[in-house]
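Below is one structure, written out as structure tokens; the observations come after it.
The values are calculated or read from the model by the stated rules, or taken from the named source; none is laboratory data. Source: prediction; values computed, not measured. Here Cβ is always computed from backbone atoms with ideal geometry, including for glycine, and neighbour counts include all displayed protein chains. Only protein heavy atoms, including side chains, enter the accessible area calculation; ligands, DNA and RNA are left aside. Shrake-Rupley method; radii C 1.70, N 1.55, O 1.52, S 1.80 Å.
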Amino acid sequence: CEAGRWTNPKPPPFAAPAPVIEADAGYTPDGRGLYFISARHDPANEDFDIWHVSRSADGSWGEPERLPAPVNSPQAELLPRADRNGRLYFGSSRAGGHGEGDIYVAERSKGGGWRVSNVGPPVSTAANEYEAEVSQDGGTLIVVADRGDRSHLYRFQATASGWVETGQVPASPTVFQVGPLLSPDGRWLLFAQASGDRSGEIFRVALGDRPGAP
């Protein structure tokens, strides 16, 4: 954004060339890294894994690295999003979940590896939860879930006893929503939904005051 206007988009230097599919890019809260999903390792362009690329103080990018198991699995991983404490949330349809797709959280261990766990109910259910955006303070989750009437956005707040659902985010009930992105202060939410004959237009909704995270 320069002089109040957006420049024309262009691929970053670490992007794989077409026809490789890559998506779901999300900065770390400190701006020094970016998580994204890529099928650059899969000739069929179907197995999306989570990758990370570091950004230097001068704005230049390093070489992207594919995260190891157990973060990545034989199934697709979607929408990797990190909070300020380094917890990485993402969706996956891997075996052993509660439904068709669940929300998982990954944390680095002291030895440099990763620990991954299912976020569990009420976030992960027998329905299909496949994307989750987390606020920088880790106190809010916006989950994309298909509960049988197409995918919509659901809001969860962290409490001392775990996650609590606080309702559906206002959006069109006749089309599905995807790609939630919270503002740094957690008061605004961007997402994509169809508009008229256009698919994937960007919308914004105010979430108002949020209860503090424990």
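Net charge dipole, the chain: roughly 440 debye, given to the nearest 20, about the Cα centre with Cβ charges of +1 for Lys and Arg and -1 for Asp and Glu.
Heavy-atom accessible area, probed at 1.4 angstrom with all protein chains present, ranks Tyr104, Tyr130 as Tyr130, Tyr104, highest first. Once the gyration tensor of the Cα atoms in the range 83-214 is diagonalised, the equivalent ellipsoid follows with semi-axes of 24, 18, 14 Å, ordered largest first.
Semi-axes of the equivalent ellipsoid of the range 37-90 are 21, 16, 8 Å, computed as sqrt(5λ) over the eigenvalues of the C-alpha gyration tensor in descending order.
Looking only at the range 93-183, where both bridge partners belong to it, what percent of the DSSP beta bridges are antiparallel (to the nearest 5)? Walk me through the numbers before you get to the answer.
Values: 24 of 25 bridges.
Antiparallel bridges: around 95 percent, rounded to the nearest 5.
Could you tell me how far the Cα centroid of the range 6-62 sits from the Cα centroid of the range 81-109, in Å? Using only Cα atoms to place each centre, the spacing works out to 19 Å. Once the gyration tensor of the Cα atoms in the range 1-140 is diagonalised, the equivalent ellipsoid follows with semi-axes of 25, 18, 15 Å, ordered largest first. Of Gly101, Ser60, Pro121, whose Cα points farthest to the positive end of the dipole of the chain (charges on the beta-carbon: +1 Lys, Arg; -1 Asp, Glu; origin at the Cα centre)? With unit charges placed on the Cβ atoms, the residue in question is Ser60. Its Cα centre serving as origin, the range 80-163 has a Cβ charge dipole (Lys and Arg +1, Asp and Glu -1) of approximately 340 debye.
Both numbers refer to the Cα atoms of the range 114-181; Rg and Dmax are 12.0, 39 Å. Going by accessible surface with a 1.4 Å probe and the largest first, His98, His152 read His98, His152.
All other residues whose Cβ lies under 9 angstrom from that of Tyr154 are scored, Lys and Arg at +1 and Asp and Glu at -1, for a net of 0. Split the chain at each of the GluC sites (Glu not before Pro) in a DSSP loop with at most 14 other beta carbon atoms within 10 Å, and the longest piece is 101-214.
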